[in-house]
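Peer 1: Sharing a structure with you now.
The values are calculated or read from the model by the stated rules, or taken from the named source; none is laboratory data. Model, not experiment: these values are computed from the prediction. Here the Cβ positions follow ideal geometry from the backbone for every residue, glycine too, while neighbour counts run over all protein chains shown.
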Amino acid sequence: MNTVNSKLTAALSFVAVFLLANNVNAQKLDDKALMETTSPITNSVEQLSKLTPISFNYNSDSKKLKLPTCTQYGFQPSEVQQVIPGIVKSQNKMVPAGKNAFKTVTIDTVDMTSLIPFLVSSIKEQQAEIEKLKEEVRTLKSSASVAQ
């Protein structure tokens, strides 16, 4: 039994040293080196205002697709497709279609993670508008106090 343990320990030690050695030699790629073209997201407030957040439950057919049964929150993929098409993804699912038979159905889903950059961009756009309005108010207040 001791021989088995010592062989196992030696094997695990070898694997650990091998993994550490390979990890040390790993090369980190800069994210900018991986991206070909970048451009800021603009008009995000306008785009997001076209979307209607909803709560919903899947219908009884969704049980075959193994979709969640509890209340969901999100957007209608068909609506999002018209506004921000790149974040709607198609997903294939196998559904029973009789004894020992299945069929493939395609459902569209909204990639909520891809929505985050639009949210950040819209916050930045709104903040810029708020700052502009604050400056206008300051200017109007100072003009009004000078006129008195």
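Peer 1: Run down 62, 121, 90, 114 and say which single residue is among the small types (Gly, Ala, Ser) and surrounded by fewer than 13 Cβ atoms within 10 Å (Cβ to Cβ).
Peer 2: 90
Peer 1: If you take just the strands (runs of 3 or more DSSP E) that sit entirely in region 1-118, which of them hold at least 3 residues that are within 30 Å of residue 129 (Cα to Cα) and at pLDDT below 85?
Peer 2: Hits in region 1-118: none.
Peer 1: A further question follows. Using the structure shown, decide if residue 104 is exposed (fewer than 12 other Cβ atoms within 10 Å of the Cβ) and under 30 Å from residue 64 (Cα atoms).
Peer 2: The answer is yes for residue 104.
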